[in-house]
Amino acid sequence: MTISMNMIQSIGLAVILLLIGKGLRKRINFFEKYCIPSPVIGGLLFAIITLVLRLTGLLMFEFDTTLQTFFMTMFFTSVGFNASFKVLKKGGPKVIIFLGVATLLVVLQNVVAAGLAGVVGVHPLLALMTGSTPMTGGHGTSAAYGPTVEALGITGATTVAVAAATFGLVAGSMMGGPVANRLIIKHDLLNKRKSSNDIDENVDNSGDSLLNGDKIAMAFFQILIAMGIGVYVSDLIALTGLTMPGYIGSMLVAAVIRNVSDSGAFKTPDEEIGIVGDVALNLFLAMALMTLKLWELIDLAIPMFILLAAQALLMFLFANYITFPIMGKDYDAAVISAGHCGFGMGATPNGVANMASVAEKYEYSSVAYFVVSLVGALFIDFTNAMVITGFVNFFG
């Protein structure tokens, strides 16, 4: 028996699963501790149920995922609005340096994944779905790039990427605190700590933060305009023969609009755009997770274990021997390393949670919080998308 859901029914179910995920996260400490997103909880729960129903031959589901693509594009367009050169410049040298460090990790994550593809006997494109796509990119990037890779003939790419992203959330959260603790004790950083207040932590907090209907409406309008024009940009890019998700054009247009806005030509409602983007991300993830084909993972258990273990080892070595020394070898650098473990294998909230655990034991680092939050929330998704696109086209 097969249950088919149209576009409206599919998004309705996604919202129900999102709300179930929110409820479970509040009640189960594990989900809250490791910052597992609510749509991931509800969506994966449903995906597991559908797996059992399919394997027992009782029931199958078919969904219309039109709105999944729409909300995916809307979310990544909102990310494009964060690509402000003005904010990056004002953030200080450490922000730019850390963006470079984080982008280097993105490249290495894909190099490791593709390099091990032959060892574990999988296609390089499938192996890339355990690289920076799920690690630095998280569930959003995984659910976005998976279908793109599947369109190239790689079965199970989305399922592998989302499963890897879930692993990364937990592994990155567990790794960050111990890494920072080891560095602080080994180098006696707390006693050497010097105050560092050279970064303006209110760089992007000026202006009226009060939400109102006009601002929210303008946020929708600017996002939709960027999405509409972005379709043409993506079509032009496709003429070059490059393979990339359809949202890339919209991200680029959004970045242009944001930087024109920064010149004073008009006002971009940054906070409202962020809210619209968050809503779109939650709906997109809920739909992406509930439609996962978990049965495609059965034959990939051992290869995935090897690939993900390699990513965890890379993150540990990178945080200790690249992030820490490049960011200054001081207390702030140790806290940044903890944060990098969080968002380098999961998401920015995980990075912030890692830094909070270190601060609770030792001292608060305003520099670390500012640098990691700014790069993790605003800029790394943009550079990660460019790097992933390059690797996919190389192996595609």
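The values are calculated or read from the model by the stated rules, or taken from the named source; none is laboratory data. Keep in mind that this is a model prediction, so the values were computed, not measured. Don't worry about glycine lacking a Cβ; one is built from the backbone with ideal geometry, like all the others, and counts go over all protein chains shown. With ligands, DNA and RNA removed, areas are computed over all heavy atoms of the protein, side chains included. Shrake-Rupley method; radii C 1.70, N 1.55, O 1.52, S 1.80 Å.
What the table below lists for this structure:
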{"read-out": "Qualifying residue in the stretch 95-111 (condition: among the aromatic types (Phe, Trp, Tyr) and within 24 Å of Leu44 (Cα to Cα))", "value": "no"}
{"read-out": "Members of the stretch 260-296 that are part of a helix (DSSP H, G or I) and more than 22 Å from Ile216 (Cβ to Cβ)", "value": "Met287, Ala288, Leu289, Met290, Leu294, Trp295, Glu296"}
{"read-out": "Some residue of the stretch 19-38 being among the aromatic types (Phe, Trp, Tyr), more than 24 Å from Ala356 (Cα to Cα), touching a residue at least 12 places away in the same chain (Cβ under 8 Å) and crowded, with 16+ Cβ neighbours inside 10 Å", "value": "no"}
{"read-out": "Residue among Leu104, Leu125 that alone is open to solvent by 20 Å² or more (accessible area, probe 1.4 Å) and within 18 Å of Thr389 (Cα to Cα)", "value": "Leu104"}
{"read-out": "Filtered residues of the stretch 348-364 (kept if assigned to a helix (DSSP H, G or I), open to solvent by 10 Å² or more (accessible area, probe 1.4 Å) and not charged (D, E, K, R))", "value": "Thr348, Pro349, Val352, Ala353, Ala356, Ser357, Ala359"}
{"read-out": "Scan of the stretch 262-293 for residues that are farther than 24 Å from Val15 by Cα, touching a helix residue (DSSP H, G or I) at 6+ places or on another chain (Cβ under 7 Å) and open to solvent by 70 Å² or more (accessible area, probe 1.4 Å), ordered by number", "value": "Lys267"}
{"read-out": "Number of positions in the stretch 142-174 that are more than 14 Å from Ala47 (Cβ to Cβ), open to solvent by 10 Å² or more (accessible area, probe 1.4 Å) and within 17 Å of the chain's Cα centre (by Cα)", "value": "6"}
{"read-out": "Criterion violated by Leu58 - all others in (1) open to solvent by less than 20 Å² (accessible area, probe 1.4 Å); (2) not in a helix (DSSP H, G or I) satisfied", "value": "(1)"}
{"read-out": "Total residues in the stretch 198-230, condition in a helix (DSSP H, G or I) and either at pLDDT below 65 or open to solvent by 90 Å² or more (accessible area, probe 1.4 Å) (or both)", "value": "3"}
{"read-out": "Residue that is modelled with the highest pLDDT, among those in the stretch 61-85 that are open to solvent by 60 Å² or more (accessible area, probe 1.4 Å) and within 23 Å of the chain's Cα centre (by Cα)", "value": "Phe70"}
{"read-out": "Whichever residue in the stretch 231-250 is open to solvent by less than 60 Å² (accessible area, probe 1.4 Å) and among the polar types (S, T, N, Q) and, among such residues, is modelled with the lowest pLDDT", "value": "Thr243"}
{"read-out": "Test: residue in the stretch 149-163 that is touching a residue at least 40 places away in the same chain (Cβ under 8 Å), in contact with a Phe, Trp or Tyr (Cβ under 8 Å, 6 or more places away or on another chain) and under 30 Å from Tyr232 (Cβ atoms)", "value": "no"}
{"read-out": "Residue in the stretch 306-314 that is open to solvent by 20 Å² or more (accessible area, probe 1.4 Å), without any contact (Cβ under 8 Å) to a residue 60 or more places away in the chain, under 18 Å from Gly168 (Cα atoms) and not β-branched (Val, Ile, Thr) present", "value": "yes"}
{"read-out": "Any hit, the stretch 294-302, residues being out of contact with any strand residue (DSSP E or B) (no Cβ under 6 Å at 6 or more places or on another chain), modelled with pLDDT of 85 or more and surrounded by fewer than 23 Cβ atoms within 10 Å (Cβ to Cβ)", "value": "yes"}
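Yes/no per residue for (1) open to solvent by less than 30 Å² (accessible area, probe 1.4 Å); (2) in contact (Cβ under 8 Å) with a residue 12 or more places away in the chain; (3) in a helix (DSSP H, G or I):
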| position | (1), (2), (3) |
| --- | --- |
| Val335 | yes, yes, yes |
| Gly346 | yes, yes, no |
| Phe382 | no, yes, yes |
| Ala385 | yes, yes, yes |
| Val392 | yes, yes, yes |
